[in-house]
2 protein chains.
Amino acid sequence: MRQEQTEPTGKLTGGAANYPLPARKSRQTLGNMIFAAEKLLLTRMLESVGNPPLHVMLWNGEGVAHHGEGSVAKVLIHDRGALLKLVANPELNFGRMYADRRIDVQGNMMDFLDAVYRSWPRLSDGKFAKKLLAPFQEARRNSLQSARRNIHHHYDIGNDFYQLWLDKQMVYTCAYFSGQNMSLEDAQTAKLDHVCRKLWLQPGEQVVEAGCGWGALALHMARHYGVSVKAYNISEEQIAFARQRAKDEGLDSQVEFIEDDYRNIQGEFDAFVSVGMLEHVGIDHYQELGAAIDRTLKDGGRGLIHSIGRDYPRPMDAWISEHIFPGACPPSLAQMMQIFEPFDFSILDVENLRLHYAKTLEHWLQRYEIAAERISEMFDAAFVRTWRLYLAGSLAAFRSGHMQLFQVLFNRSGHNQIPWTRDYQYAAGGCNGKL
Amino acid sequence: MRQEQTEPTGKLTGGAANYPLPARKSRQTLGNMIFAAEKLLLTRMLESVGNPPLHVMLWNGEGVAHHGEGSVAKVLIHDRGALLKLVANPELNFGRMYADRRIDVQGNMMDFLDAVYRSWPRLSDGKFAKKLLAPFQEARRNSLQSARRNIHHHYDIGNDFYQLWLDKQMVYTCAYFSGQNMSLEDAQTAKLDHVCRKLWLQPGEQVVEAGCGWGALALHMARHYGVSVKAYNISEEQIAFARQRAKDEGLDSQVEFIEDDYRNIQGEFDAFVSVGMLEHVGIDHYQELGAAIDRTLKDGGRGLIHSIGRDYPRPMDAWISEHIFPGACPPSLAQMMQIFEPFDFSILDVENLRLHYAKTLEHWLQRYEIAAERISEMFDAAFVRTWRLYLAGSLAAFRSGHMQLFQVLFNRSGHNQIPWTRDYQYAAGGCNGKL
């Protein structure tokens with residue numbers, strides 16, 4: 001993580017310069033009173049987000065420093081307007097002000113973000129019923145059409161941008177670091193394989209994938225497990241890229257990439273798999289997803305859903321929802337069960353890979369910083385800072401337990417042709433010995 | 001499973017003998033009409049339970065046989081009263097009438113029960129909201145006092161009774177058959193060890209167990225993992241038995257058996273464990289259980305709950321609830337999350353061991369049949385048949401997917417001192433190499 005370098009105290013300038021400076025003493029007193037009120041607002045805002053161990057320094061060198069030596073970083077607010085926006089809605093406006101350089105962080109960005117996430121209250125209102133309802137109010141925006149628009153917003157930025165900091169196979173989901181000191185490339189292959197093993201894939205089987213990204217998993221399944229795959233995605237750029245890869249590898253007769261919504265899946269399949277799509281589905285569409293799986297999974301079929309999740313229901317962070325992933329919401333496990341419990345499915349296995357996502361994000365962030373110059377030739381400064389904050393914030397979110405990563409394996413209720421123990425997931429040799 | 005031997009058709013007698021036989025033709029016609037109506041009721045009842053592939057034969061040799069060659073067993077109803085009771089409430093009264101020999105099953109009992117469970121509708125009303133509510137209406141009976149009464153009903157029948165058909169260690173929960181052709185004794189030890197491994201127990205740690213049965217797990221943890229255990233149970237007979245074992249083994253300074261409710265747990269612990277108690281807690285008490293764990297688990301603590309569960313919420317079967325486990329209800333995973341999501345817990349791992357419970361029950365049932373003569377010296381005939389039906393019915397329930405077995409592993413939210421992958425659960429050598 002690149003460390004923010006800013007000028008020492010007192011020399012900070014910003015929007016404050018535009019504020020009419022009082023000339024007479026009475027104006028000065030009024031100014032002092034206003035400033036005192038602003039500091040009080042800042043203190044209240046910090047309390048409302050759990051009082052994280054930070055110094056906050058204002059444009060004039062003054063500020064709020066409740067934590068003494070225990071402070072992990074310094075937040076620099078460069079102008080009065082930024083302060084007021086931050087106080088009004090810290091969750092949404094911190095990121096916005098940071099992107100515009102009206103707020104900076106001095107010290108280690110990761111420590112700062114980790115401290116913020118760990119202090120953050122579960123929800124401002126302690127009532128659990130309200131917490132349970134909150135996410136439902138969040139994600140009502142994923143009709144067929146708006147889902148397409150939301151996905152376009154994030155995934156169609158340009159394949160060349162993602163190629164700068166993802167692994168060679170272009171896997172934009174949590175990797176699986178099954179061995180120590182694994183490279184990101186190896187950990188992504190290990191993840192693809194961990195998914196295939198769990199699904200107990202057999203040569204000749206038919207698999208459907210919902211939300212296939214740039215196609216890495218679909219191609220891996222075809223290449224190493226001898227299955228046929230129908231892979232769905234509503235991102236135009238990703239589908240085009242994936243089709244070309246299938247062609248280049250001569251796998252296009254075995255893997256069909258289909259530009260369509262998960263709700264339109266057609267066919268009959270031995271296995272259903274979805275890695276990193278559920279976050280975009282929206283909790284109130286889970287029953288539609290369950291119905292699509294129920295409609296297309298054969299009697300002896302298995303399925304796996306890999307998704308970011310939460311320890312308890314809460315809405316998506318406002319800034320991420322606004323600037324990074326419109327319409328997205330990571331579910332708690334109870335919420336995820338809304339996919340399965342209304343239909344004839346049985347949960348076989350749930351694994352939480354939270355720390356693997358933190359490690360994956362360390363790699364991405366490192367590569368992102370290495371490519372920062374190249375990226376700033378492609379996009380404006382606010383974009384570069386927005387994405388830096390998003391990657392660093394996600395890393396902190398997984399490290400602090402603010403977000404989880406669940407792999408949920410299921411099959412048809414009452415079907416007994418399933419592995420006897422989970423030993424098979426850990427047997428020697430990747431890809432069922434075929435790698 | 002002992003096969004029910006009954007006389008061939010026509011020779012069946014029973015309560016029907018008490019029914020006044022009509023002497024004149026008009027009476028005969030009336031009798032025929034009544035009989036036709038009874039057969040119609042029977043047909044309707046069979047439809048309401050999903051039309052399982054059975055023949056049903058009545059006291060006079062007539063009956064209902066819709067399935068021809070596809071029928072898996074023959075149900076013999078020995079008197080008109082039994083028929084009417086069965087039609088009125090098949091879920092509750094089949095077991096009652098079976099216990100009293102007013103109903104018999106001819107053919108393979110396991111095939112019969114499996115067919116019934118597989119045909120059984122999710123609920124008579126297809127609306128999911130109603131299904132979600134149903135269990136809440138069920139288990140409101142587990143106050144401190146009634147919990148004690150309910151547990152006494154089942155677990156204080158007599159230790160000598162359970163010794164006749166459980167393994168030597170007296171483990172009355174699902175075993176773990178980690179190897180092929182394992183004996184029940186070995187599979188129960190493997191289960192105790194599977195639980196300890198998952199919990200990542202370290203020598204010197206403090207463990208609390210809620211619902212400790214006859215003490216096998218608490219003693220295993222102390223013996224092989226060097227931890228201190230406080231083990232709670234409200235069954236008087238079980239606690240007395242467990243205390244004696246601890247004394248006999250010289251483990252009584254390391255393991256304390258406490259006759260009290262999980263809600264009264266006191267202390268601070270590195271690990272919480274509960275195997276086979278949750279079924280008795282009742283869904284509307286889950287938050288109390290969560291609060292008890294939250295109050296006593298240290299910051300870096302882990303926990304495991306092992307419980308019978310469901311693929312979706314539904315009330316306990318009426319007969320089981322009435323005659324075997326008053327106040328009990330196995331939860332769906334979404335329901336189980338009510339223990340964790342209101343507090344600072346994070347789910348690490350869920351494993352479904354359904355088929356292991358079916359195999360455990362095969363062993364128990366086999367041993368029960370071997371001991372049947374001894375048991376009928378201890379109890380009356382209705383008890384012997386009730387328990388046979390309960391064990392066989394449970395076996396069929398797990399085999400058909402009517403019931404699940406979940407092991408849920410969790411820790412404190414955001415704590416990162418956790419195993420990196422699940423390899424450690426499958427490393428060679430039982431008891432972390434100490435067995």
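Suppose the filter is assigned to a helix (DSSP H, G or I) and either within 14 Å of another protein chain (Cβ to nearest Cβ) or within 18 Å of A:Ala218 (Cα to Cα) (or both); does A:Asp160 pass it? No; evaluated as a whole, the condition is false for this residue. Of note, A:Phe379 satisfies the criterion of being over 24 Å from B:Thr421 (Cβ atoms) and at pLDDT below 95. Within segment B:239-276, the set of residues being of a type in the set (Gly, Ala, Ser) and either touching a residue at least 12 places away in the same chain (Cβ under 8 Å) or touching a helix residue (DSSP H, G or I) at 6+ places or on another chain (Cβ under 6 Å) (or both) comprises B:Ala242, B:Ala246, B:Gly267, B:Ala271, B:Ser274, B:Gly276. Candidates B:Glu369, B:Glu351: the one that is among the charged types (D, E, K, R), within 14 Å of chain A (Cβ to nearest Cβ) and in contact (Cβ under 8 Å) with a residue 24 or more places away in the chain is B:Glu351.
Looking only at segment A:7-47, residues that are over 17 Å from A:Leu84 (Cα atoms), at pLDDT 60 or above, surrounded by 11 or more Cβ atoms within 10 Å (Cβ to Cβ) and of a type outside the set (Ser, Thr, Tyr) come to 3 in all. Considering A:Ala37, A:Ala82, A:Ala88, A:Ala99, which residue is under 29 Å from B:Ser413 (Cα atoms) and not basic (Lys, Arg)? Going through A:Ala37, A:Ala82, A:Ala88, A:Ala99 in turn, just one is under 29 Å from B:Ser413 (Cα atoms) and not basic (Lys, Arg): A:Ala88. Out of segment A:354-380, which residues are surrounded by fewer than 15 Cβ atoms within 10 Å (Cβ to Cβ) and among the basic types (Lys, Arg)? Matches in segment A:354-380: A:Arg374 only. Residue count for segment A:259-309, restricted to those that are assigned to a loop (DSSP other than H, G, I, E, B) and farther than 19 Å from A:Gln335 by Cα: 6.
For segment B:185-206, taking the residues that are out of contact with any Phe, Trp or Tyr (no Cβ under 8 Å at 6 or more places or on another chain) and of a type in the set (A, V, I, L, M, F, W, C), the one that is surrounded by the most Cβ atoms within 10 Å (Cβ to Cβ) is identified as B:Leu192. Answer yes if at least one residue in segment A:267-282 is surrounded by fewer than 17 Cβ atoms within 10 Å (Cβ to Cβ), in the same structural domain as A:Ile234 (by TED's automatic domain parsing) and within 27 Å of the chain's Cα centre (by Cα), and no otherwise. No, segment A:267-282 contains no residue that is surrounded by fewer than 17 Cβ atoms within 10 Å (Cβ to Cβ), in the same structural domain as A:Ile234 (by TED's automatic domain parsing) and within 27 Å of the chain's Cα centre (by Cα).
Residues that are at pLDDT below 90 number at least 2 in the following strands (runs of 3 or more DSSP E) confined to segment B:48-142: B:63-65. Go over the candidates B:Gln425, B:Gln417 one by one and state the one that is surrounded by fewer than 21 Cβ atoms within 10 Å (Cβ to Cβ), in contact with a helix residue (DSSP H, G or I) (Cβ under 6 Å, 6 or more places away or on another chain) and at pLDDT below 95. One residue alone meets the criteria, B:Gln425. Inside segment A:336-348, residues that are at the interface with chain B (Cβ under 8 Å from one of its Cβ atoms) and within 15 Å of B:Val350 (Cβ to Cβ) make up a count of 7.
Of the residues B:Arg295, B:Arg310, B:Arg302, the single one that is more than 13 Å from the chain's Cα centre (by Cα) and within 14 Å of chain A (Cβ to nearest Cβ) is B:Arg302. None of B:Leu353, B:Leu361 is hydrophobic (A, V, I, L, M, F, W, C) and in contact with a strand residue (DSSP E or B) (Cβ under 6 Å, 6 or more places away or on another chain) except B:Leu353. Residues in segment B:262-292 that are among the β-branched types (Val, Ile, Thr) and either within 14 Å of chain A (Cβ to nearest Cβ) or more than 30 Å from A:Phe345 (Cα to Cα) (or both): B:Ile265, B:Ile283.
The values are calculated or read from the model by the stated rules, or taken from the named source; none is laboratory data. Note that the structure is a prediction, hence the values are computed from the model and not measured. Glycine also receives a Cβ, built like all others from the backbone with ideal geometry; neighbour counts cover every protein chain displayed.
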